[in-house]
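Notes follow the structure.
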Amino acid sequence: MKMSFRWFGSADPVSLAYIRQIPGVTHIVSAIYDEPVGAVWPLAKIEALKQQIEDAGLAFELVESVPVHEDIKLGRDSRDQLIANYQQTLRHLAAAGVQVVCYNFMPVFDWTRTELAKQLPDGSTCLAFDSRQADSIDAEKGISLPGWDSSYRSDELQGLLQAYRQVDAEQLWQNLAYFLQAVIPVAEECGIKMAIHPDDPPRPIFGLPRIVKNRDDLARIVDLIDSPANGLTLCSGSLGAGPQNNVEALVREFGGRGRIHFAHIRNVKVSPEGDFEETAHLSTCGSLDIAAIVKAYHDVGFAGYVRPDHGRMIWGETGKPGYGLYDRALGAVYINGLWEAVDKFSPEQQDSAVPAAV
Ligand code: DNO
Ligand code: MN
């Protein structure tokens, strides 16, 4: 298991120098943030990013995310050119030594929350989702939820929502298959592993379809193209917010098949309706048994990348909600601690510690 930490580039208030001080964090996961969605990421920019990360004593082998243009998800005519650009970006990333590319196929909205700073009893704040509040929003009358509606002008947003009226879940599946059929052979050729991130939360939202929500969806995706290059980012917090999902079982099934390339590990406290708040990573703080999840990764021989996903805001920290330094650092150290214990005291290690009989 290789421990990584997300870094949003030079504008990130969390510096590489600080990330380097977190014990056991060896890798940075980042992206090129100043290219428009759909453009080819220039090799020179990727190499400059890699250099900056390596100068800080860390490694750059994974990207989150190379965003998929809405025209690809919508199946518009322009998709072939956009897919060709995506392929070229993958070639450039591979040339710079990138191994894993995380992406998602969520229409219009990436992760969605109804609150970005919900107060927890200990005084920290976290990201939270209330399904009744989300469902009461009529997206076509305009959306005012925190955090994510800023990337579109309202006429653009309305245009997109209208276009998606023609795209139901089955059509979205067809469009994902079309994308993967073009992209996976290129990924195979240049040695990149693609890793789709699940929908967050794992349910349809604002009338838009979502197709990466549960075990059957993940199985359908990996079976679309049976290649190790067609893999998963298994996000415990996203999938775990679906009361139908058993994250430990998902790790065993898809990790056992060698199809998890990137593990996002975080905890959530979930209600039976699927409302949730993001808690500290510790198992006792949320609904997920993080120790059992880490053990499942160990049991399947997981050798891929992991990162603590979102964290709370603690100790007076301000900045990008979910992406402060302190709670994510605690998460990284906790996960590493679980891994060390599981690894050290696993039956295989015990066996190898016993001197061979003479
Ligand atoms: C949520 C986060 C997301 C994720 C993107 C991947 O769990 O991990 O921001 O990075 O959806 O494309
Ligand atoms: Mn995630």
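Within segment 275-289, the set of residues being within 15 Å of ligand 1 (Cβ to nearest atom) and touching a helix residue (DSSP H, G or I) at 6+ places or on another chain (Cβ under 9 Å) comprises 276, 278, 279, 281, 286, 288. When residue 178 is tested against (1) exposed (fewer than 14 other Cβ atoms within 10 Å of the Cβ); (2) at pLDDT 95 or above, just one condition goes unmet, and that condition is (1).
Residues of segment 171-198 that are of a type in the set (Gly, Ala, Ser) and either within 16 Å of ligand 2 (Cβ to nearest atom) or on the phi > 0 side of the Ramachandran plot (or both): 191, 195.
So that you can scan it fast, the table gives a plain yes or no per residue for (1) touching a helix residue (DSSP H, G or I) at 6+ places or on another chain (Cβ under 9 Å); (2) crowded, with 23+ Cβ neighbours inside 10 Å:
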site: 174; (1), (2): no, no
site: 209; (1), (2): yes, no
site: 215; (1), (2): yes, no
site: 227; (1), (2): yes, no
site: 231; (1), (2): yes, yes
site: 238; (1), (2): no, yes
site: 254; (1), (2): yes, no
site: 262; (1), (2): no, yes
site: 267; (1), (2): yes, yes
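One residue stands out in segment 6-38 among those that are under 23 Å from residue 105 (Cα atoms), in contact (Cβ under 8 Å) with a residue 40 or more places away in the chain and out of contact with any Leu (no Cβ under 8 Å at 6 or more places or on another chain): the one that is surrounded by the fewest Cβ atoms within 10 Å (Cβ to Cβ), namely 8. Of all the residues in segment 306-340, those that are buried (at least 24 other Cβ atoms within 10 Å of the Cβ) and either among the charged types (D, E, K, R) or farther than 21 Å from residue 268 by Cβ (or both) number 5.
Somewhere in segment 54-63, is a residue modelled with pLDDT of 95 or more, within 16 Å of ligand 2 (Cβ to nearest atom) and within 20 Å of the chain's Cα centre (by Cα)? Checking segment 54-63: at least one residue is modelled with pLDDT of 95 or more, within 16 Å of ligand 2 (Cβ to nearest atom) and within 20 Å of the chain's Cα centre (by Cα). Note on segment 219-253: residues that are in a strand (DSSP E or B) and within 16 Å of ligand 2 (Cβ to nearest atom) amount to 5.
Scanning segment 199-218 for residues that are within 20 Å of residue 64 (Cβ to Cβ) and either part of a loop (DSSP other than H, G, I, E, B) or away from ligand 2 (no atom under 16 Å from the Cβ) (or both) gives 199, 200, 201, 202, 210, 211, 212, 213. I'm trying to understand the selection: among the residues of segment 181-207, which are buried (at least 20 other Cβ atoms within 10 Å of the Cβ) and more than 26 Å from residue 62 (Cβ to Cβ)? Passing the criteria: only 205.
The values are calculated or read from the model by the stated rules, or taken from the named source; none is laboratory data. Just so it is clear, the model here is predicted, and its values are computed rather than measured. All Cβ positions, even for glycine, are placed from backbone atoms using ideal geometry, and neighbour counts span all protein chains on display.
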